[in-house]
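What follows is a single structure, written as structure tokens, with notes after it.
Every number here is computed from the coordinates shown, using simple stated rules; none is lab data. Bear in mind the structure is a predicted one, so any value in this text is a computation, not a measurement.
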Amino acid sequence: MHVLTRIRSITQVLIILLAPLAAVAQPPSATFDLAEHQGNVVVVDFWASWCVPCRRSFPWLNDMHAKYAEQGLVVVGVNLDANREDATAFLQEYPADFLIYFDNNAVLAKEYGVEAMPSSFVIGRDGQVKARHLGFKVKRQDEYEAILVEALGEKP
């Protein structure tokens, strides 16, 4: 099934509250809808406050967002903490310059099949998953970036 279609059906039922934590925060009633980013390359990054590799991935995600946003890259962080205060404390120490959503019931995480923290999915301009990364390794940053550059170069 096409990822965009699956996500649309989920968002009709699921409300993921946008955490009012990041500089790009939306109203708390906002829902994550991949269709809103159609034609862009979207990185959906699932994270939690207790995740040590997430502390290393956030600066890199911020850098990628800053470097490629004008070319159509959208970075979306989906927090899986049961307690929003834990996410707030994490973001005070490791700020996000990208969208942050809150999925405390892990409904979206289950739909994506999240197995590790962080888990990142690169969704191409065509709505298809181009890559999936479990965990985050600093020494693989160039490889991760190459995947983004390749996806950004593809036509919708």
Past the 21 Å Cα-Cα mark, which pairs from Lys67/Lys155; Lys110/Lys137; Lys67/Lys110?
Lys110/Lys137; Lys67/Lys110
Starting from 0.36 nm per residue, how many nanometres of slack lie between Thr88 and Gln71 once their C-alpha separation is accounted for?
3.2 nm
Output wanted: per-residue J couplings in Hz (rounded whole) for segment 36-52, from phi through Karplus 6.51 cos²θ - 1.76 cosθ + 1.60, θ = phi - 60°, x for Gly and Pro.
5, 10, 3, x, 9, 8, 10, 9, 9, 10, 8, 8, 8, 5, 7, 7, 5
How large is ³J(HN,Hα), in whole Hz, for each residue of segment 117-130 in order, when computed from phi with the Karplus curve 6.51 cos²θ - 1.76 cosθ + 1.60 and θ = phi - 60°, using x for Gly and Pro?
10, x, 10, 10, 10, 9, 10, x, 4, 8, x, 9, 5, 9
